[in-house]
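Heads up, the thing below is written out as structure tokens.
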């Protein structure tokens, strides 16, 4: 049964319009546009009026690691190498399947509450098989989020044992996991070489080959820190992006995650090969990686989308926050207030993500998944109402995210996640992490935890 969702404002077809309607049939949008025109095409449809709401596409989160949500606050204000070596790897070594699933439920639920409806999980806690990846998929289903399992390819030696697989074992596990979710409308599986340092030439070539075979993106961390660039230059005589190009694995399916420490030659390679950058502005700043030259990328016609990265590398799982950060940082490094507009940033977090993932998400238009977010126009952070289309990016607070729909199903209403118990999940996270020792900061929390 087709239903019409109407609202006084909507970001329809990548543009703001007044008095809009979205016609939804099952999990798909079948019409979107001026309310009068859409309603005329569906005279018998049930009408769901979202009064005092703006409808925007669900956010498309291009990069994340859910288990790291557990380490939020435990390693803030560290240098990247210390954060990774003293916190991330030791934590990853100690998590069992239940903890991995709890972290995913926790992280996905926060994303959903913040208006993210599609999330990439760049996952590497394999233990040689797919059981842990299936825990992530179970969590996505329970929360009601659309997820891309970017299955990490890692064969560097030495390296964390849980991450490692041979190319042959990876390919076996990857094909089995894709087959297992082939008919799942909420889940997709992509290959994800860890980096040019974490994946050898055979792995990188296998990732590109699988991407071509299944016509899916290939996710890879590239140029996320000066340390990575220096190591790549010392080992291969090329930057990470140069290394990918030299091996013939940089192409239009490549999702270059971070791409912070890039030079003109790197940008020229990304542009020439049609590769996409997944920009994680908050995490790049939080870990001291730097600021990606997004305006230059866009001027070179390099596609850019947004990611939050992990909860422990960012602390906020909100694409609206990333939109704001992307715009502000682009203005700051370019010394130009016009460098990235509010509407441009909104597109990076929605339609650009859908194009990057090759999924019909991120746009309110016929043929796309019915993933919608309702913003409360009466929220103080969206006032004045006259300028709400700017305020969505520059001033909006989480209070304004009132409703979320994924695949036609309402999963957040009145700002409350309907699918899982956030208090129960939060209590379980507190129990799991109560004995962990923060590496930085002052934490007089014994009474808080008791």
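The values are calculated or read from the model by the stated rules, or taken from the named source; none is laboratory data. It should be emphasised that the depicted structure is a prediction, and the values quoted were computed from it without experimental measurement. Please note: Cβ atoms are built from the backbone with ideal geometry, for glycine as well, and neighbour counts cover all protein chains shown.
Within region 1-27, take every residue that is within 23 Å of residue 344 (Cβ to Cβ) and assigned to a loop (DSSP other than H, G, I, E, B) and give me the one that is farthest from the chain's Cα centre (by Cα).
13
Could you list, in sequence order, all residues of region 368-417 that are part of a loop (DSSP other than H, G, I, E, B), over 11 Å from residue 54 (Cα atoms), in contact (Cβ under 8 Å) with a residue 60 or more places away in the chain and out of contact with any helix residue (DSSP H, G or I) (no Cβ under 6 Å at 6 or more places or on another chain)?
Those that are part of a loop (DSSP other than H, G, I, E, B), over 11 Å from residue 54 (Cα atoms), in contact (Cβ under 8 Å) with a residue 60 or more places away in the chain and out of contact with any helix residue (DSSP H, G or I) (no Cβ under 6 Å at 6 or more places or on another chain): 368, 370, 371, 407, 408, 415.
Okay, residues lined up against (1) touching a helix residue (DSSP H, G or I) at 6+ places or on another chain (Cβ under 8 Å); (2) assigned by TED's automatic domain parsing to the domain that holds residue 319; (3) free of Cβ contacts under 8 Å to residues at least 24 places away in the same chain; (4) closer than 30 Å to residue 105 by Cβ:
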residue: 17; (1), (2), (3), (4): no, no, yes, no
residue: 33; (1), (2), (3), (4): no, no, yes, no
residue: 38; (1), (2), (3), (4): no, no, no, no
residue: 43; (1), (2), (3), (4): no, no, yes, no
residue: 70; (1), (2), (3), (4): yes, yes, no, yes
residue: 74; (1), (2), (3), (4): yes, yes, no, yes
residue: 80; (1), (2), (3), (4): yes, yes, no, yes
residue: 86; (1), (2), (3), (4): no, yes, no, yes
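Does residue 285 satisfy being surrounded by fewer than 23 Cβ atoms within 10 Å (Cβ to Cβ) and in the same structural domain as residue 108 (by TED's automatic domain parsing)?
yes
Any chance region 157-173 includes a residue that's surrounded by 15 or more Cβ atoms within 10 Å (Cβ to Cβ), out of contact with any helix residue (DSSP H, G or I) (no Cβ under 7 Å at 6 or more places or on another chain), within 25 Å of residue 60 (Cβ to Cβ) and touching a residue at least 40 places away in the same chain (Cβ under 8 Å)?
no
Restricting to region 243-253, count the residues that are under 20 Å from residue 148 (Cβ atoms) and free of Cβ contacts under 8 Å to residues at least 40 places away in the same chain.
The total comes to 1.
Go through (1) in contact (Cβ under 8 Å) with a residue 12 or more places away in the chain; (2) closer than 17 Å to residue 152 by Cα and name the single condition residue 209 misses.
Residue 209 satisfies every listed condition except (1).
May I ask you to verify whether residue 216 is in the same structural domain as residue 326 (by TED's automatic domain parsing), in contact with a strand residue (DSSP E or B) (Cβ under 8 Å, 6 or more places away or on another chain), in contact (Cβ under 8 Å) with a residue 12 or more places away in the chain and assigned to a loop (DSSP other than H, G, I, E, B)?
yes
Determine which single condition residue 370 fails, assuming it passes every other condition in (1) within 22 Å of the chain's Cα centre (by Cα); (2) farther than 28 Å from residue 37 by Cβ.
Residue 370 satisfies every listed condition except (2).
Return yes when residue 308 is assigned to a loop (DSSP other than H, G, I, E, B), surrounded by fewer than 22 Cβ atoms within 10 Å (Cβ to Cβ) and either modelled with pLDDT of 95 or more or on the phi > 0 side of the Ramachandran plot (or both) and no when it is not.
When the stated conditions are applied, residue 308 does not pass them.
Mind counting the residues in region 36-75 that are in a loop (DSSP other than H, G, I, E, B) and either buried (at least 17 other Cβ atoms within 10 Å of the Cβ) or touching a strand residue (DSSP E or B) at 6+ places or on another chain (Cβ under 8 Å) (or both)?
Selection size over region 36-75: 13.
Only one of 112, 102, 87 is over 30 Å from residue 172 (Cα atoms), in a helix (DSSP H, G or I) and under 19 Å from the mean Cα position of the chain (by Cα). Can you tell me which?
Going through 112, 102, 87 in turn, just one is over 30 Å from residue 172 (Cα atoms), in a helix (DSSP H, G or I) and under 19 Å from the mean Cα position of the chain (by Cα): 112.
Does residue 418 count as out of contact with any strand residue (DSSP E or B) (no Cβ under 8 Å at 6 or more places or on another chain) and farther than 16 Å from residue 61 by Cβ?
no
Among the numbered conditions (1) closer than 16 Å to residue 151 by Cβ; (2) not in a loop (DSSP other than H, G, I, E, B), tell me where residue 272 comes up short.
Every listed condition holds for residue 272 apart from (1).
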